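Below is one structure, written out as structure tokens, with a few remarks after it.
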Amino acid sequence: MRKFNVVVLGAGGVGKSALTVRYIRDVFIDYYDPTIEEEYRRTVKLDGELSTLEILDTAGAEQFTSLNEVYIKAGLGFVLVFRRVNELPSPTWSYFVPSLTQEASLKEVDHLRQQIYRIKGGDTDIPIVVVGTKLDLVNEREVQKGKIQDLANRWEHPFYETSAKRNWHVSDVFEDLLRQMRKRYPHDVPPKKRPKRGKDSCIIM
């Protein structure tokens, strides 16, 4: 069974953990808890073939972004997450996120995309999926879908609008990425070590 390292990246508070935990455990996290690093594992049968995904949910807070380079070097595929809506701080949110706008989280996705290309030596044929969260908040002001679709087309990456709360299109994100990784890396790639920070959570399904 082949193993693929997936790295989930995005600004703090955009919903990376909610997306990842919904996919791994099929539960919804309805509070914001700044992640330092959490690693998950899931065995997936897709297109008749078994694969293991090792998914690293990374920090979005500025003080941890220096680790992104190490994560990116180790990753074979990347989920770049932004928030589709503007949100004011919730009472349960940490002081790490004083406010959140879709424009800021989208700019962070573009920055991360360019960082991935740079660290991977200029290679642009890298498995990447762009993800907008909070699809269930239909009445909130949001990034226009056409604008994001235009960007995704220009970047030549698949784009999904998701809701971890409603479990809309969450599996589609990781299945698309797995197909990309299988195609891009038809043979096993030697794993690269990455630093351990925080407490790991490994769930085998």
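Please identify the pairs in which a residue from region 93-122 that is part of a loop (DSSP other than H, G, I, E, B) and modelled with pLDDT under 90 has its Cβ atom under 9 Å from the Cβ atom of a residue that is aromatic (Phe, Trp, Tyr) and surrounded by 14 or more Cβ atoms within 10 Å (Cβ to Cβ), counting only partners at least 6 apart or on another chain.
Trp93/Tyr32; Ser94/Tyr32; Phe96/Tyr32; Val97/Tyr32
Residue under question is Glu175, and the condition is that it be modelled with pLDDT under 80 and either within 18 Å of the chain's Cα centre (by Cα) or crowded, with 17+ Cβ neighbours inside 10 Å (or both); does it hold?
Values: modelled with pLDDT under 80: no; either within 18 Å of the chain's Cα centre (by Cα) or crowded, with 17+ Cβ neighbours inside 10 Å (or both): yes.
Here the answer is no, as Glu175 does not meet what is asked.
Report whether or not Glu156 is at pLDDT 75 or above and either surrounded by fewer than 20 Cβ atoms within 10 Å (Cβ to Cβ) or out of contact with any Ser or Thr (no Cβ under 7 Å at 6 or more places or on another chain) (or both). I'd like the intermediate steps shown before the answer.
Values: at pLDDT 75 or above: yes; either surrounded by fewer than 20 Cβ atoms within 10 Å (Cβ to Cβ) or out of contact with any Ser or Thr (no Cβ under 7 Å at 6 or more places or on another chain) (or both): yes.
Considered against the rule, which asks whether it is at pLDDT 75 or above and either surrounded by fewer than 20 Cβ atoms within 10 Å (Cβ to Cβ) or out of contact with any Ser or Thr (no Cβ under 7 Å at 6 or more places or on another chain) (or both), Glu156 comes out as yes.
Would you please name the residue that is farthest from the chain's Cα centre (by Cα), looking only at residues in region 1-26 that are charged (D, E, K, R) and over 21 Å from Ser105 (Cα atoms)?
Taking region 1-26 first, the residues charged (D, E, K, R) are 2-3, 16, 22, 25-26.
After this cut, where a residue has to be over 21 Å from Ser105 (Cα atoms) as well, the list is 2-3, 25-26.
On the way: Arg2: 21, Lys3: 18, Arg25: 16, Asp26: 16 Å.
Checked region 1-26; the qualifying residue farthest from the chain's Cα centre (by Cα) is Arg2.
Please find, among Asp47, Asp57, Asp26, the residue that is crowded, with 23+ Cβ neighbours inside 10 Å and either closer than 19 Å to Asp176 by Cβ or hydroxyl-bearing (Ser, Thr, Tyr) (or both). Let's see the steps before the verdict.
On the way: Asp47 fails: crowded, with 23+ Cβ neighbours inside 10 Å; Asp26 fails: crowded, with 23+ Cβ neighbours inside 10 Å.
Of the residues listed, the single one that is crowded, with 23+ Cβ neighbours inside 10 Å and either closer than 19 Å to Asp176 by Cβ or hydroxyl-bearing (Ser, Thr, Tyr) (or both) is Asp57.
Going residue by residue through region 45-55, is there one that turns out to be in a helix (DSSP H, G or I) and under 16 Å from Val79 (Cβ atoms)? Don't jump to the end; show me each part of the working.
Within region 45-55, the first condition is being in a helix (DSSP H, G or I), and the residues that meet it are none.
No, every residue in region 45-55 fails to be in a helix (DSSP H, G or I) and under 16 Å from Val79 (Cβ atoms).
The values are calculated or read from the model by the stated rules, or taken from the named source; none is laboratory data. Quick caveat: nothing in here was measured; it's all calculated off a predicted structure. Neighbour counts are summed over all protein chains in view; Cβ atoms, including those assigned to glycine, are modelled from backbone coordinates with ideal geometry.
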